[in-house]
Amino acid sequence: MRISTVTMFEQSVSSMNRQQGDFLKVGQQIASGRRVVNPSDDPQASSRAVGVSQAKAITQQFADARVSARNSLSQAESVLNSVSDAVTSAKTLLVQAASDTLSDVDRQSVASELRGIYETLVGQANATDGNGRYLFGGYRDDSPPFARTAGEGVQGTRYEGDENTREQRIDASRLLPVADNGKAIFQSVPSGAGYVARAEQSSPEAISIGTQQDHVRNEGSVTFTGPSRVDPGNEHFGKPFELTFGEDGDGNPVYSVSAVNVDGTTTVLANEELYESGKAVSFGGISITLEGEPEVGDQIQLRPANAAGANQDLFKSLKDAIDVLEMDQQGQPENRAHFRNTINSVMRELDNSLDNVLTVRASMGARLNELDVVDAVGSNRMMNYDKTLSDLVDLDYNEAIAEYSLRQVGLQAAQKAFVDVKGLSLFNFL
């Protein structure tokens, strides 16, 4: 059988090309550090690697979302820390202002300091994050959530955000609240808060249960201490109460107490009981101590702090305190009684507001801790993905180097064989 020169050349070149291709492939694997450089290298491993890479990318997106959520919560928690400090400072000033040794000028000086705290709190409530969004506006985070009321009315500010809570998905099955709305922080109290009393005048203009109209002070000089709970198991405990002063047939001061039911009706708990200054009055599971001389029609309303008709607005509490601190009290016992009652009410409202701020802050701290836990889980998941991806496509360098040396020898052998074959010719023997 005769083999032509062309056939020998073609077979030799084909062998060298095949050996060179295998050699280059191993070199490419070593250079890239990957066993599967092209899908054709291992179709099954390549397909699985695509799925793992997609899952890894999603996990990284959740990790980035957790960074954003942590930034928002950290900023909000820092603001609430400042708010709690400001409320504590306001309470300290009110304790100082309640002293009978202070003159009207001294109280006006305290009012100036308290107004500064008021402005600070409004600024904190309208704080923004690094992206220009307002932290406490709910979904309406493009404008300040707390705006001034026209003419600086009773409240001084009003909430213009919404009551929604912005959430962010930090994992496949977890939507995390990343910012509480301002109403829940500055205009709410804890559900377990006690009663708050307000001294009112019994008239058509006086505040009614379930509304938040202007308070009208008493005409007499009655002051109260409390209220305090004495029997939470009482059937009327938790209802709003109205204590109204009057006179009996002999001109002696008396009081009546009614409980306001859910349907708006009232239940009389005390009817024209003789009033004694300095004596504690108990009804509906609570007790309040009254001192001073009432006028007919004067009224004290007592509500659970979380009731709809109770004042839960931190800014309104401060505004009420500022108003009475700037009021003239010299020679006017009814003004002194109004001052004392308002300060007592505001002190309790500030306690409730501070408890609420601390509760929200604790909730934010718990969410920050949850982010740490989810981060740890996400890190473990990423490590598992990296290991799986490495097992699928990464290169075993020991095996690759041995293969590289083998392919290099094969290529050199093919080249040497070609040199020897192309030298075989009958013309060399002529």
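The values are calculated or read from the model by the stated rules, or taken from the named source; none is laboratory data. It should be emphasised that the depicted structure is a prediction, and the values quoted were computed from it without experimental measurement. Cβ atoms come from the backbone with ideal geometry, glycine included; neighbour counts cover every protein chain shown.
The criterion of at least 2 residues that are among the acidic types (Asp, Glu) and over 26 Å from Asp320 (Cα atoms) is met by the following strands (runs of 3 or more DSSP E) wholly inside region 215-286: 266-274.
Condition check: surrounded by fewer than 21 Cβ atoms within 10 Å (Cβ to Cβ), of a type outside the set (S, T, N, Q) and not in a loop (DSSP other than H, G, I, E, B). Does Glu334 satisfy that? Spell out how you get there, then give the answer.
Working: surrounded by fewer than 21 Cβ atoms within 10 Å (Cβ to Cβ): yes; of a type outside the set (S, T, N, Q): yes; not in a loop (DSSP other than H, G, I, E, B): yes.
When the stated conditions are applied, Glu334 passes them.
Please verify whether region 70-80 includes one or more residues that are aliphatic (A, V, I, L, M), more than 22 Å from the chain's Cα centre (by Cα) and in the same structural domain as Thr128 (by TED's automatic domain parsing). No. Reported count of residues in region 86-95, each being exposed (fewer than 14 other Cβ atoms within 10 Å of the Cβ) and either within 15 Å of Ser345 (Cβ to Cβ) or modelled with pLDDT under 90 (or both), is 1. Would you confirm, using the coordinates I've provided, whether Asp323 is surrounded by fewer than 18 Cβ atoms within 10 Å (Cβ to Cβ), under 30 Å from Phe146 (Cα atoms) and of a type outside the set (Val, Ile, Thr)? Yes: the conditions hold for Asp323.
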